[in-house]
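Worksheet: one structure, shown below.
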Amino acid sequence: NCGRSSAADIALMLDRYPNLYVDLGGMGYSGAGVEHYGVYWPKRTPWMHLIVDEYGTLTPDMKTLFERFSDRFTLGTDIAHARVYWNYRGHVPRWRRILTQLSPQAARNIAFATAERMLRMSAAGQQRFAPLAPVPV
């Protein structure tokens, strides 16, 4: 839902549901000619809340949301089909640009630490395995 709902609505959901996590796959504007749902510029619908402007700069409300709840977000690419794997190389630089706009801890959480923690949890939310050694960032 992130990149679709407003930062205020997402914050309300994250406050209300402590086990809710957000996948950011395919949510950031990737440049001219990108036309898939929710990543174009300018905003075209009243219900679509984009996370970055036309230059890839985080909107202030989304930056605040990511900093506050960085341990509940994971990034992604939405590259789900072999016929579009070539698009992958365009998604990674976009996320690198977005992550450089956040504090080091928020960037680390969103880039990999949240996903790593989630993959190590049992259904009851307890750690199943010891954390991996820190990765230099």
- prompt: Quick check: is even one residue across the stretch 93-100 of a type in the set (Lys, Arg), loosely packed, with under 10 Cβ neighbours inside 10 Å and either at pLDDT below 85 or closer than 23 Å to SER5 by Cα (or both)?
  reply: no
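A quick yes/no check of all residues on (1) of a type outside the set (A, V, I, L, M, F, W, C); (2) farther than 19 Å from THR114 by Cα; (3) open to solvent by less than 20 Å² (accessible area, probe 1.4 Å); (4) modelled with pLDDT under 90:
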residue: LEU12; (1), (2), (3), (4): no, yes, no, no
residue: ASN19; (1), (2), (3), (4): yes, no, no, yes
residue: GLY38; (1), (2), (3), (4): yes, yes, yes, yes
residue: PRO46; (1), (2), (3), (4): yes, yes, no, yes
residue: ASP53; (1), (2), (3), (4): yes, yes, no, yes
residue: LEU58; (1), (2), (3), (4): no, yes, yes, no
residue: PHE73; (1), (2), (3), (4): no, no, yes, no
- request: Those residues that are within 14 Å of the chain's Cα centre (by Cα) and of a type in the set (D, E, K, R), I need them from the stretch 47-60; list them, please.
  value: none
query: Is there a residue being out of contact with any helix residue (DSSP H, G or I) (no Cβ under 6 Å at 6 or more places or on another chain), among the polar types (S, T, N, Q), at pLDDT 80 or above and not in a loop (DSSP other than H, G, I, E, B) anywhere in the stretch 101-110?
result: yes
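The values are calculated or read from the model by the stated rules, or taken from the named source; none is laboratory data. Small disclaimer: the values here were computed from a predicted structure and weren't measured. Methodologically, a virtual Cβ is constructed for each residue, glycine included, from the backbone with ideal geometry; neighbour enumeration extends over all protein chains shown. The protein model used for the area step is the full one, side chains on, heavy atoms only, and it has no ligands, DNA or RNA in it. Shrake-Rupley method; radii C 1.70, N 1.55, O 1.52, S 1.80 Å.
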